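These notes are about the structure you will find just below.
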Amino acid sequence: MQADGTIQLDNAVGQEGSVYLTIPEGGSGQVRVTVQGALKIFDAVSESGGEIPTGENIKVTKVISGSTLVVRKIS
């Protein structure tokens, strides 16, 4: 059996990463998260709707719109 290498975004839920491009209040930015052993950049929105600046540590809480992650800031 051979793996096709396709990233399954549901595997990102529960993973930790960091903000790559600031997530503005009420908008979307980008985050870096390791999924299936590969560090990838994904579009993301804040779970609370508030801003999360570049460099903040985040945790993925769910996937929406097929390719956008919902994240929350962690300490």
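Nothing in this text is a laboratory measurement; each read-out follows from the coordinates by a stated rule. What you see is a predicted model, and the numbers here were worked out from it, not measured in a lab. A quick note on method: Cβ atoms are made from the backbone with ideal geometry, for glycine too, and the neighbour counts reach across all protein chains shown.
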Explain nothing, just the number: relative contact order of the stretch 13-75, from Cα pairs under 8 Å at least 6 residues apart, as a whole percent. 35
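When 1/r is averaged over all different Cα pairs and the result inverted, which Kirkwood radius in Å belongs to the chain? Don't skip to the end; give the middle numbers.
Details: mean 1/r = 0.0824 Å⁻¹.
One over the average 1/r among Cα pairs gives 12.1 Å for the chain.
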Farthest positive-ward along the chain dipole, Cα basis, beta-carbon charges - from V19, G66, Q36: Q36
At 7 Å along the Cα-to-beta-carbon direction for both T54 and I7, put a label point, then send me their distance in nm to one decimal. 2.0
Please list the non-local residues whose amide H lies under 5 Å from the amide H of I52, H modeled 1.01 Å from N, same-chain partners needing a gap of 5 or more. I23
Roughly how many nanometres apart are two label points built 7 Å out from the Cα toward the Cβ at I74 and S18? 1.4
Which one of V31, V63, V45 has the biggest mean-square fluctuation once the chain is modelled by GNM with Cα springs under 10 Å? V63
Using a cut-off of 17 Å between alpha-carbon atoms, which lysines can reach K73, once sequence neighbours fewer than 8 places away in the same chain are excluded? K59, K62
Dipole size in debye (nearest 20) for the stretch 8-75 around its Cα centre, Lys and Arg Cβ +1, Asp and Glu Cβ -1? 160
Roughly what % of DSSP beta bridges within the chain run antiparallel, to the nearest 5? 85
